[in-house]
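In what follows, a structure is listed as structure tokens, so that the remarks can point back to it.
Laboratory data are not the source of any read-out in this text; all were calculated from the coordinates shown. Everything quoted here is computed from the prediction, not taken from an experiment. When we count neighbours, we look across all protein chains shown, and the Cβ atoms used for this are built from the backbone with ideal geometry, even at glycine.
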Amino acid sequence: MISELKIGKYVIFTLNTKYREYMRHDFVTLLRFDPCISTNSVNPDTIFANNEMSLQDIEIYGFDYDYTLAFYSSHLHTLIFNIARDILITKHRYPEGLRKYEYIPNFAVRGLHYDVQKALLMKIDAFHYIQLGTVYRGLHPVPDEEVIAMYEGCHVPLENMSDFYGKSSHGHTMKQFMDIFSLPEMTLLSCVNDFFMKHNIDYEPVHLYKDVKEAIRDVHVKGIMYRAVEADIDKYICYGEQSQAVLNKLSEHGKKMFLITNSPLTLNRGMSYIVGKDWRDLFDVVIVQADKPSFFNDRRKYVALLWDRIHRLEKGQIYKQGNLYEFLRLTSWRGSKVLYFGDHIYSDLDLTLKHGWRTGAIIPELRKEIKIMNTEEYMHMMTWLQALTGLIEHMQVHRDPASSSVVQEWIREREVHRQRISSMLSLGSLFRTYHNPTYFSRRLSQLRRHLHAQQSFPRRTPLQQGVSLFGLRQSCCPERLATGPQNQSRIK
């Protein structure tokens, strides 16, 4: 017999009146003492810290350009997709029918893995387990039974995972997409796979992956994207009215600033649009075409735009290429007095592992996730999901048939709730699978010394949390639980 139990605004249905009082007691206990269950909303402009840091101790501020100083509109991903699709058709002789495919804005999320040999896009957790229900072949999900059969379970061996920078070279079959620019690449891969399957065209998945990768690279490396942005800057770059004020405040307080980006010199137009024509006066060092992550590892020398060999880095000049070792030698900007902002956790933010810089991760997806988390529907479902988990943990010790029946019903209900929550976030949270942190979240938490996450929002750059953010006396402190390990992020 199903009975109804009301606790506050929540209605709980049980399968047997025998468990009514138990559930009342246990659910109230969960809400009162479990720090993971909360109906408090999260401020979308919150700064999330992995390690305590005072801005008073920061003397040098470094920035990437794309998605750090420059935040792009949604039109840019459509542009990248269309150009790369056309390159496949004109340069690589792919079928004309591919032109019918358009960019799908909410199809993919950052941090997904792509099995190069099987042509499958999927979400993998921090322990290398595939999240069932997130595996796609083309534009369609693959049944769980088929996934389990192909991988002989859900675990992906370490030797199959991508290397430190997310690449699939040296025999690794899994490529991880960590760049915000990779969203159109994932979508294009899926669209081409979908076209070939629909038309029963035999193809080699590895060659398809390489062709799409090359087409996407051409969009960036050959400057096609940047020229298109420069030609219609109002359409592609979101103007941030406070950017210049923030950078000016840092300069007025005697802070050094530098810019290291893979972008070409055409960023001059973008920076003039965002900050002002005199933007170069604010930066002590500007380096373009850095070719990160190679910038942090190889020994290339700097060259100025006139191709002169560089012996010192001067304010007002723009340099290209180079490497971090030369940069450190010429500037002596080392250790925790440097705070560098970037959006790519591999090519921008692994600096802490080598050189002790503080790092700030620009994660635009956080704002969208927090907005969804703050909705009444999400909080209601998450609260009940956590309550169900607690009830299952407490009741599974009882072995009688009635108890086992109730627990099995709760397990089925919990699975339904997990799927509903995941559906609210496209392929789910950037930070969570059903059970565990994502592989993306794991790599993010490995930045040992400091991780500082800001959110972006329409018409303002990720830098725009207001001038007050850089009051230069503020401290960023990690959230801690009363007991247990430190929270790495408030995203659950």
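Quick check for me: using +1 on Lys/Arg Cβ and -1 on Asp/Glu Cβ, what's the dipole size of the range 74-231 about its Cα centre, in debye to the nearest 20?
On the way: 17 positive and 20 negative charges, 116 e Å.
The calculation lands at about 560 debye.
Return an integer: the convex hull volume of the alpha-carbon atoms of the range 48-108, in Å³ per residue.
Values: hull volume 9.5 nm³, N = 61.
Taking the convex hull of the Cα positions in the range 48-108, it is 156 Å³ per residue.
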Return the FRET efficiency for the residue pair ASP86, ASP400: r is the Cβ-Cβ distance, R0 is 60 Å, and the value is rounded to the nearest 0.05. 0.35
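Anything over 23 Å Cα to Cα? Flag those among LYS123/LYS368; LYS100/LYS368; LYS91/LYS123; LYS123/LYS175; LYS222/LYS368; LYS235/LYS256, in the order listed. The partial results should precede the final answer.
On the way: LYS123/LYS368 19 Å; LYS100/LYS368 29 Å; LYS91/LYS123 31 Å; LYS123/LYS175 11 Å; LYS222/LYS368 32 Å; LYS235/LYS256 32 Å.
Over 23 Å Cα-Cα: LYS100/LYS368; LYS91/LYS123; LYS222/LYS368; LYS235/LYS256.
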How big is the gap, in Å, between the Cα center of the range 69-110 and the Cα center of the range 173-188? 12 Å
Cα centroid separation - the range 362-400 against the range 211-234, whole Å: 41 Å
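For THR375 and GLU204 in the same chain, what is the full-extension length gain: residue separation times 0.36 nm, less their Cα-Cα distance, in nm? Kindly include the intermediate steps, with their values, before the conclusion.
Values: separation 171, 0.36 × 171 = 61.56 nm, distance 4.43 nm.
Full-extension gain reported as 57.1 nm.
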Nearest-0.05 FRET efficiency for HIS140 and LEU330, computed from C-beta distance (R0 56 Å): 0.60
